[in-house]
Amino acid sequence: MEPLPKPDELLALHDVTEVLFDTLRAWFDVPERVTLSLHDVDAAVTELSDPVMVAALAMRKLQALRLLSQPGVRTSTDVVLAIVQDLDRALLHAPALHLERRARLADWDAAFADLVSTDAPAPSGDPADETEDADTAAFRSLHARLHEAVHAVVQASDGEIRYFV
């Protein structure tokens, strides 16, 4: 069978993956390089419970999806589905894990001192909360675009495994 042209929704993931990648790096302070332990089969237990490592592995999948979303790079229905499915759980939980991480790393004594300081300005409607909500909403919107691409790929292939270029 002749390969199908990639749907616009899949091609659009090129930019989406970059923003999701950069957001995960910023939210979890993911270093430029990570090391996987292959010491034994259970070595992943510790790594896969670490939000930074989960974010790093999701970032690697985003790199693969970005490559596959480029025009001319051959891919198939099942590969796109598998990568998005692998990403799904990490991206679904990333905003909450980010907030939990920020709370765990916060210097609560300094924050309290700032609140009770006579020099501290009065709260002005929690702009930090509005920014956080905007960041989370933007992240979830981009995550949803991965699902839109999957639906477009499945629809274009009539539910069969087909190649795309």
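Read the figures in this text as sums done on the coordinates, not as results from a lab. Predicted model, so just to flag it, every value in this text is computed and none were measured. All Cβ positions, even for glycine, are placed from backbone atoms using ideal geometry, and neighbour counts span all protein chains on display.
The range 1-34 and the range 57-117 have their alpha-carbon centroids 11 Å apart. Between Leu99 and Thr136, the contour length at 0.36 nm per residue exceeds the alpha carbon distance by 12.3 nm. Between Ala144 and Gln63, the distance separating the two model label sites (each 7 Å from Cα on the Cα→Cβ line) works out to 3.0 nm. Projected label points at Arg89 and Tyr163, each 7 Å from Cα along the beta carbon direction, are separated by 3.2 nanometres. Residue-normalised convex hull volume from the C-alpha trace of the chain: 143 Å³ per residue. Estimated from helices alone, the mean residue ellipticity of the chain at 222 nm is -22000 deg cm²/dmol (sum of -39500 (n - 2.57) over DSSP H runs with n ≥ 4, per residue).
Percent of C-alpha pairs per 5 Å bin in the range 1-48, short distances first: 5, 14, 14, 13, 14, 12, 12, 11, 5. Once the C-beta distance of Val41 and Ala113 is scaled by a Förster radius of 35 Å, the resulting FRET efficiency is 0.15 to the nearest 0.05. Backbone amide hydrogens, once placed in the peptide plane, bring Ser76 within less than 5 Å of Phe164, excluding anything fewer than 5 places away on its chain.
Note on the range 1-94: percent of Cα-Cα distances in each 5 Å bin, starting at 0 and stopping at the bin with the largest distance, equals 2, 12, 23, 21, 17, 12, 8, 4, 1.
For the peptides 70-77, 56-63, 103-110, 21-28, residues were scored by their other Cβ atoms within 10 Å and the scores averaged per peptide; the highest-first order is 56-63, 21-28, 70-77, 103-110. Mean projected area of the Cα convex hull of the range 53-124, taken over all directions, amounts to 7.7 nm². A simple spin-label model places the labels of Asp22 and Ala106 2.7 nm from each other, with each point 7 Å out along Cα-to-Cβ. Farthest toward the positive end of the dipole of the chain, out of Phe28, Pro51, Gly159, is the Cα of Gly159, where the dipole comes from beta carbon charges about the Cα centre. Residue by residue, the range 100-113 carries 3J(HN,Hα) couplings of 4, 5, 4, 5, 5, 8, 5, 8, 5, 5, 5, 5, 5, 4 Hz when phi is fed to the Karplus relation 6.51 cos²θ - 1.76 cosθ + 1.60 (θ = phi - 60°); x denotes Gly or Pro.
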